[in-house]
Amino acid sequence: MAEPAARLSAHLFAAAVVGGAGAIVSDNVGDLPAAKIPGHIHVITAAAFAADTVAVSPDGALQALREMAARYSNPPHTVYELLAILENRYSMTEAVEMIRNIA
C-alpha cells in the first residue's frame, strides 16, 4: 500500500475506534489492510450494509424510499425507479429484492 493510503487508513481506523464504530462501510475493502483493522470493527461494502439495514426493517426501508420519491420533483422518481437506480448504479441487488418483495 502506498504511504498516503496507509496514513489515510490509519486515520480512518483511529476515527472508527474513537467514534465507537462497529463497522466501516467502504467499497474499497481491498485497500484496507486487514491486519491493521481492530478486531471489533467489521469492514463491509455499501451493498452489504444496505442489505443488512433493510433486513432489520424492510417496511422502514420501503417507507424511507417512499419519502425520498415524494421529494423528487425535477425529474420526479417513483419508488420503483429509485429501486432500479440502487440496483443498477450501486449493485444493491439484495436490498432491492427485499424491498420489492413487500412493495
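Brief remarks follow.
- Remark on Val43: its backbone amide H falls under 5 Å from those of Ile24, a criterion applied only to residues 5 or more positions apart or on other chains, H modelled at 1.01 Å from N.
- Ordering of 46-56, 68-78 by packing is 46-56, 68-78, highest average first (other Cβ atoms within 10 Å, averaged per residue).
- Peptides ranked, highest mean first, by Cβ atoms within 10 Å: ranges 21-33, 90-102: 90-102, 21-33
- Considering only Ala21, Tyr80, His42, and ranking their Cα positions along the charge dipole of the chain that arises from unit charges at the beta-carbon of Lys, Arg, Asp and Glu, the one farthest toward the positive end is Ala21.
- Projected label distance in nm at Arg7 and Arg100, using a 7 Å step from Cα toward the beta-carbon: 4.5 nm
- Database remark: amide H of Asp27 closer than 5 angstrom to the amide H of Ala46 (H placed geometrically; neighbours at sequence offset of 5 or more, or on other chains; Pro and chain starts carry no H).
- Relative to its Kirkwood radius, the Cα radius of gyration of the chain gives an Rg/Rh of 1.08.
- Summary value for the chain: 24 percent relative contact order, contacts being C-alpha pairs under 8 angstrom separated by 6+ residues.
Read the figures in this text as sums done on the coordinates, not as results from a lab. What you see is a predicted model, and the numbers here were worked out from it, not measured in a lab. We place every Cβ from the backbone using ideal geometry, glycine too, and count neighbours over all the protein chains shown.
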